[in-house]
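Trainee: First, the structure itself, so that you have it in front of you.
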Amino acid sequence: MSDSEQAEIAVVDHGQGHPLLLVHGFPLNHSMWKHQISELSSDYRVLAVDLPGFGQSQPLESPVSIRDYADALAAMLENLQIERPVTFCGLSMGGYIGWQFLTHHREKVHSLIACDTRATNDDDRTARGRRLMAQQVVKDGSQSVAAGMTLKICGQTTQENNPDVIQHVASIIRATDPESIAAGQLAMSEREDATPMLETIGVPTLFAVGIEDTITPPDEMKLMADRVNNSRYVEIPYAGHLSPLENPIAFNTAVRSFLESTV
Ligand code: MLT
């Protein structure tokens, strides 16, 4: 693992060639991409980050916005002197960051992979739930939310057949700084609606979603894909909200096919 130790953002940087930036979901870290790092780095430069406050990256000053995460990623690419536009691949909260990254750093984007995510922002009820969760996690610790979140994120097939994935996800959440979990929830609760930008994305885009995803379900992702010119839509079988980790073979096949046709 060639982590960039000086940078505020920890990044696993493997392979050479076209840069593929992997941005994890909430409240995880770069290791949710372990199968993409090992498999796709044979042909691409895979950059798997820990967002500020997650994994080994330092937190940003609170309050944090989704735009702040996007700006931190742009600064990281500049620090690494990556001048080629990247394929931005974000899962869920990573996808929310992707909309901001496209809006404010479009010159850095070659193409987009939006995994298990949505463009709409929170309704009042969801935003209120996030604020309550943010208070709870700071008071009771990350342990108090780990089991419930893990079961929500992982699909039924994974829950029944893949205890290693369940343990991996739960252990990441337990180890995550509660203040950063709270900061992420508050950032998501205040994010902008990205729906109006779907028609103007203007770069090749792949939408990938686990068929068993109950957080950002396939029918919602399909509607989003239908609004984006030049987009592809792929459903990943036997996977929930964490399709790259739950069914890496199908996920990597979809990503490879997309990259081969666009890079
Ligand atoms: C994620 O996986 O990043 C979360 O499900 C996003 C969210 O809570 O909206």
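The values are calculated or read from the model by the stated rules, or taken from the named source; none is laboratory data. What you are looking at is a predicted structure, and each value in this text was computed from that prediction instead of being measured. In this analysis, Cβ positions are derived from the backbone assuming ideal geometry, glycine residues included, and neighbour counts consider all displayed protein chains. Only protein heavy atoms, including side chains, enter the accessible area calculation; ligands, DNA and RNA are left aside. Shrake-Rupley method; radii C 1.70, N 1.55, O 1.52, S 1.80 Å.
Trainee: What's the extension gain from H104 to S42 if we count 0.36 nm per residue and subtract their Cα-Cα distance?
Mentor: 19.3 nm
Trainee: Oh, and also: Restricting to DSSP H runs of at least four residues, report the calculated mean residue ellipticity at 222 nm for the chain, -39500 (n - 2.57) per run over all residues, nearest 500 deg cm²/dmol.
Mentor: Dividing the helical sum by the residues of the chain leaves -14000 deg cm²/dmol.
Trainee: Here's another thing I want to ask about it. Compute the convex hull volume of the Cα atoms of the chain, divide it by the residue count, and report the result per residue in Å³ as a whole number.
Mentor: Enclosed volume per residue, from the Cα hull, is 111 Å³.
Trainee: As a test of the definition: which semi-axes, in Å, follow for the stretch 1-131 when you take the square root of five times each eigenvalue of its alpha carbon gyration tensor? Largest first, please.
Mentor: So the three semi-axes of the stretch 1-131 are 23, 16, 15 Å.
Trainee: Let me ask something else about it. Check each of the GluC sites (Glu not before Pro) in the stretch 1-75 and keep only those in coil by DSSP with at most 12 other C-beta atoms within 10 angstrom; list them in order.
Mentor: Filter output for the stretch 1-75: E5, E61.
Trainee: May I pose another question? Over the chain, what percent of the accessible surface lies on carbon and sulfur atoms, probe 1.4 Å?
Mentor: After summing per-atom areas, the C and S share lands at 48 percent.
Trainee: Accessible area per residue of the chain at 1.4 Å probe, in Å²?
Mentor: That works out to 44 Å² per residue.
Trainee: Could you sort the peptides 79-89, 110-120 by per-residue average Cβ neighbour count (10 Å cutoff), highest mean leading?
Mentor: Sorting 79-89, 110-120 by mean packing, highest first, produces 110-120, 79-89.
Trainee: Take the eigenvalues of the Cα gyration tensor for the stretch 57-116, scale each by 5, and report the square roots as semi-axes in whole Å, largest first.
Mentor: 18, 15, 9
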